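The structure appears below as structure tokens.
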Amino acid sequence: MECFTVATGTAISETELIKRSKNGERNAFSELVCIHAQGVTNVIYRMCGDVHIAEDAAQETFVQAWLHLASYRPQTSLRNWLYRIAVNAATDMLRKEKRILPNALEDLQLSDPQPGPEAVFSQEERTALIQKAVVSLPDACRAVLVLREYEGLSYHEIADALDIPLGTVMSRLNYARKLLREKLAQKLFLQVEAEHV
Amino acid sequence: MSKHLTEWLSSYADNELRGSQLQHVEAHLAECDTCQAELESLEGLSDLLQQVPTPEFTPPERFAAQVSLRLPHQKTATPGKKILEIGWWMIPVGLLVIWIFMNTSFLVEDVLSTANRLGLLANISDWMMFGPPSAADWSSMLGQFGVLSGNSLDLAAYTEVFTRTTLPQISLQVSIALLYLSWIAVWWTRHQRQQHGQLIEG
């Protein structure tokens, strides 16, 4: 299958595609899936750390979007609306799978048993460690962190996507970063906030 | 030195501060080594997170095809359903119109009756008057059922007026109110179902 705009060489606006999708045109919806597939899958992957779970949850996200397209308000961003469904789908999928445990960070086998400033990790170990630290964050603040760090959403966009107040976005992001630094500090010797602050 | 501004540093690092708040943080950072170090740590964390590469996902076209296979048939609004939907929303409007018309009629009837009693409508045609002709028929009918057979003339007159004018008015008002409340109950049930559906999104 080839995306519609690519196949026909005609650029159709997202608004038009949404309108057609609402009228039940599956091809128009497939085009929307093409546009947002990578973003949605990436958000879920960053939330769960597993490509297969991410793709499965991403597909479920689009199925739910199709079923509830009538409730989508055109005034809001489709991407943010999809991200909201994606975050919920990722959380649900993780609960069902139970393959990734909250204390996954502890399960990681490192090459250096006593990490410190002199510890040398391979790049793979390093990225796995960071990824697992992100995954082990509480659901609410992990979603905010992922949307900010990996999707580059502004605070307003995150508030819109997750339907939470702006102040909550800021506090959850602060909390997520604080937790992450604490988790990674011992392993990667990341500078941690001074004790007296 | 003023108090550390650690809670604002994330927003500062994300370029989310504006105006006086931004100036305040910048001024503080210029003279606070602790907050400066904290900011560098936050930026370091952000760099660290970016080190995790994005894996190779299924290409969008193939992914879209896979999604398409999983899509159930969407409920699309057919013309018949649209007409039903419009009709559904016309119910409360219709009830409101009937209610207004009914009350206006009663009011006009009362005004005309009063004016007639006062002799202000002596020259008006009989057909415009609601009372006298039908009142005679009504009294006759009530008499046949023995309703007006008591000893008190006042009670008989009151019963006649009550059954002829007030009772139908109350019945109509109650009927309209019941229909309206029933409509609200059905609307609320439908609304609850829709909200349940939307829970999946958030």
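Could you list all residues from the range B:12-51 that are hydroxyl-bearing (Ser, Thr, Tyr) and within 30 Å of residue A:124 (Cα to Cα)? Spell out the reasoning first.
Restricting attention to the range B:12-51, the residues satisfying the condition of being hydroxyl-bearing (Ser, Thr, Tyr) are B:12, B:20, B:34, B:41, B:46.
Matches in the range B:12-51: B:41, B:46.
Specify which of the listed residues (B:84, B:69, B:45, B:39) is more than 7 Å from chain A (Cβ to nearest Cβ), part of a helix (DSSP H, G or I) and closer than 22 Å to residue A:133 by Cβ.
Details: B:84 fails: closer than 22 Å to residue A:133 by Cβ; B:69 fails: closer than 22 Å to residue A:133 by Cβ; B:45 fails: more than 7 Å from chain A (Cβ to nearest Cβ).
Being more than 7 Å from chain A (Cβ to nearest Cβ), part of a helix (DSSP H, G or I) and closer than 22 Å to residue A:133 by Cβ holds for just one of B:84, B:69, B:45, B:39, which is B:39.
A quick yes/no check of all residues on (1) modelled with pLDDT of 85 or more; (2) more than 24 Å from the chain's Cα centre (by Cα); (3) acidic (Asp, Glu):
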{"residue": "B:94", "(1), (2), (3)": "yes, no, no"}
{"residue": "B:98", "(1), (2), (3)": "yes, no, no"}
{"residue": "B:101", "(1), (2), (3)": "yes, no, no"}
{"residue": "B:107", "(1), (2), (3)": "yes, yes, no"}
{"residue": "B:129", "(1), (2), (3)": "no, yes, no"}
{"residue": "B:132", "(1), (2), (3)": "no, yes, no"}
{"residue": "B:138", "(1), (2), (3)": "no, yes, no"}
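When the residues of the range B:79-88 are narrowed to those that are surrounded by 11 or more Cβ atoms within 10 Å (Cβ to Cβ) and within 16 Å of the chain's Cα centre (by Cα), which ends up farthest from residue B:178 (Cα to Cα)? I'd like the intermediate steps shown before the answer.
Applying the first criterion (surrounded by 11 or more Cβ atoms within 10 Å (Cβ to Cβ)) to the range B:79-88 yields B:81, B:84-85, B:88.
In the following step, the residues that additionally are within 16 Å of the chain's Cα centre (by Cα) were identified as B:85, B:88.
On the way: B:85: 21, B:88: 16 Å.
Only one residue tops the list, namely B:85.
Any residue in the range A:37-54 that is under 14 Å from residue A:133 (Cα atoms) sitting within a Cβ distance under 7 Å of a residue that is part of a helix (DSSP H, G or I) and of a type in the set (Val, Ile, Thr)? List the pairs, counting only those 6 or more apart or interchain.
Close Cβ pairs (under 7 Å, with a partner that is part of a helix (DSSP H, G or I) and of a type in the set (Val, Ile, Thr)) amount to A:45/A:51; A:46/A:134; A:46/A:146; A:47/A:87; A:47/A:146; A:48/A:135; A:49/A:135.
If only one of B:10, B:46, B:105, B:20 is surrounded by 17 or more Cβ atoms within 10 Å (Cβ to Cβ) and either farther than 24 Å from residue A:177 by Cβ or out of contact with any Phe, Trp or Tyr (no Cβ under 7 Å at 6 or more places or on another chain) (or both), which one is it?
Working: B:46 fails: surrounded by 17 or more Cβ atoms within 10 Å (Cβ to Cβ); B:105 fails: surrounded by 17 or more Cβ atoms within 10 Å (Cβ to Cβ); B:20 fails: surrounded by 17 or more Cβ atoms within 10 Å (Cβ to Cβ).
Going through B:10, B:46, B:105, B:20 in turn, just one is surrounded by 17 or more Cβ atoms within 10 Å (Cβ to Cβ) and either farther than 24 Å from residue A:177 by Cβ or out of contact with any Phe, Trp or Tyr (no Cβ under 7 Å at 6 or more places or on another chain) (or both): B:10.
Out of the helices (runs of 4 or more DSSP H) lying entirely within the range A:1-65, which hold 3 or more residues that are modelled with pLDDT of 90 or more and either small (Gly, Ala, Ser) or touching a helix residue (DSSP H, G or I) at 6+ places or on another chain (Cβ under 9 Å) (or both)?
Details: elements: A:4-8, A:14-22, A:26-48.
Of the helices (runs of 4 or more DSSP H) lying wholly inside the range A:1-65, those with at least 3 residues that are modelled with pLDDT of 90 or more and either small (Gly, Ala, Ser) or touching a helix residue (DSSP H, G or I) at 6+ places or on another chain (Cβ under 9 Å) (or both) span A:14-22, A:26-48.
Could you grab me the full set of residues in the range A:47-59 that are more than 8 Å from chain B (Cβ to nearest Cβ) and of a type outside the set (A, V, I, L, M, F, W, C)?
Hits for the range A:47-59 are A:49, A:50, A:52, A:56.
Please go through the range A:66-80 and pick out each residue that is within 12 Å of chain B (Cβ to nearest Cβ) and not in a helix (DSSP H, G or I). Step through it out loud before you land on a result.
Filtering the range A:66-80 down to residues within 12 Å of chain B (Cβ to nearest Cβ) leaves A:66-73, A:76, A:80.
Those that are within 12 Å of chain B (Cβ to nearest Cβ) and not in a helix (DSSP H, G or I): A:68, A:72, A:73, A:76.
Would you kindly identify the helices (runs of 4 or more DSSP H) lying entirely within the range A:104-197 that contain at least 1 residues that are at pLDDT 90 or above and on the phi > 0 side of the Ramachandran plot?
Numbers: elements: A:104-107, A:123-135, A:139-149, A:155-162, A:166-188.
No helices (runs of 4 or more DSSP H) qualify here.
All but one of (1) assigned to a helix (DSSP H, G or I); (2) more than 7 Å from chain A (Cβ to nearest Cβ) hold for residue B:15, so report the exception by its number.
(1)
What's the total number of residues in the range B:23-42 that are surrounded by 12 or more Cβ atoms within 10 Å (Cβ to Cβ) and among the acidic types (Asp, Glu)?
So the count comes out to 2.
The values are calculated or read from the model by the stated rules, or taken from the named source; none is laboratory data. Since we're looking at a predicted model, the values are computed, not measured. Every residue, glycine among them, receives a Cβ derived from its backbone with ideal geometry; neighbour counts consider all protein chains shown.
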